[in-house]
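Down below is the structure, laid out as structure tokens.
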Amino acid sequence: MFAVMKTGGKQYRVQPGDVLRVEKLAADAGEMIQFNEVLMVGSTVGAPMIAGAGVQAEVIDQIKGPKTINFVKRRRKHSSKRTKGHRQKLTLVRIKDILEKGADKSGVKAAIGAGSVPYVATPVVEAAPAEKKPAAKKAAAKPAAAKKPAAAAKPAAAKKPATAKKPAAAKASAEKPAAKTAAAKKPAAKKPAAKKPAADKE
């Protein structure tokens, strides 16, 4: 019996015992997985999938495909080129069994692409620092409490010079009107220039 299944955007015709290279799956080597997107089993054709059908497989290894080289040459008068290599990540699986019915009750883990699943090691890494962070906050809280009185003392010291500077500003404002009065006396000194009419009388 053969089946046509779909994974990673591609369709594969498989039989028990076949070894396939499919797009990377979120599974470890030696783990059993099940492909639930089955388009055809024997002479039964789905519309588009067959309900309850599945293909069970064993993960052999996580591998990389052959290296492909992409050479890009720009158009004339630019004289620039680039070579870029790529190796596609793949999963090597061996087909174990084909189920035409009852695949949803088999209890085997469903095959899921690695791109649609968050990194598996992330929750483990986040759990360990989460326990250490509260201890760090407690230690940081004590120095913060000690800094508050020092911070309160600094503004008090800063206010004293500010009050001392205000009288100095008042003195400067008091001196400015005195300068204005001196300027007002100058026109009084210019009054003797009015002697010319007396010369006309002579």
In the stretch 100-122, residues that are without any contact (Cβ under 8 Å) to a residue 60 or more places away in the chain and open to solvent by less than 60 Å² (accessible area, probe 1.4 Å) total 3
Of residues in the stretch 49-85 being assigned to a loop (DSSP other than H, G, I, E, B) and surrounded by 10 or more Cβ atoms within 10 Å (Cβ to Cβ), the one nearest to the chain's Cα centre (by Cα):
65
Residues being part of a loop (DSSP other than H, G, I, E, B) and at pLDDT below 90 - total across the stretch 104-120:
6
If I go through the stretch 21-48 residue by residue, how many of them are hydrophobic (A, V, I, L, M, F, W, C) and surrounded by fewer than 13 Cβ atoms within 10 Å (Cβ to Cβ)?
3
Answer with yes or no whether residue 19 is without any contact (Cβ under 8 Å) to a residue 24 or more places away in the chain, closer than 18 Å to residue 7 by Cα and of a type outside the set (Gly, Ala, Ser).
no
Starting from the stretch 75-93, keep only residues that are over 30 Å from residue 31 (Cα atoms) and basic (Lys, Arg), then list their pairs with residues that are at pLDDT 95 or above and open to solvent by 100 Å² or more (accessible area, probe 1.4 Å) whose Cβ atoms are within a distance under 8 Å, requiring at least 6 positions of separation or different chains.
84/69
Which of the residues spanning the stretch 1-55 are closer than 17 Å to residue 105 by Cβ and among the polar types (S, T, N, Q)?
34, 36
Residues of the stretch 1-20 satisfying the condition of being under 35 Å from the mean Cα position of the chain (by Cα), surrounded by 15 or more Cβ atoms within 10 Å (Cβ to Cβ) and not in a loop (DSSP other than H, G, I, E, B)
6, 7
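The values are calculated or read from the model by the stated rules, or taken from the named source; none is laboratory data. Note that this is a predicted model, so its numbers are computed, not measured. We place every Cβ from the backbone using ideal geometry, glycine too, and count neighbours over all the protein chains shown. Calculation scope for accessible area: heavy atoms of the full protein, side chains included, ligands and nucleic acids excluded. Shrake-Rupley method; radii C 1.70, N 1.55, O 1.52, S 1.80 Å.
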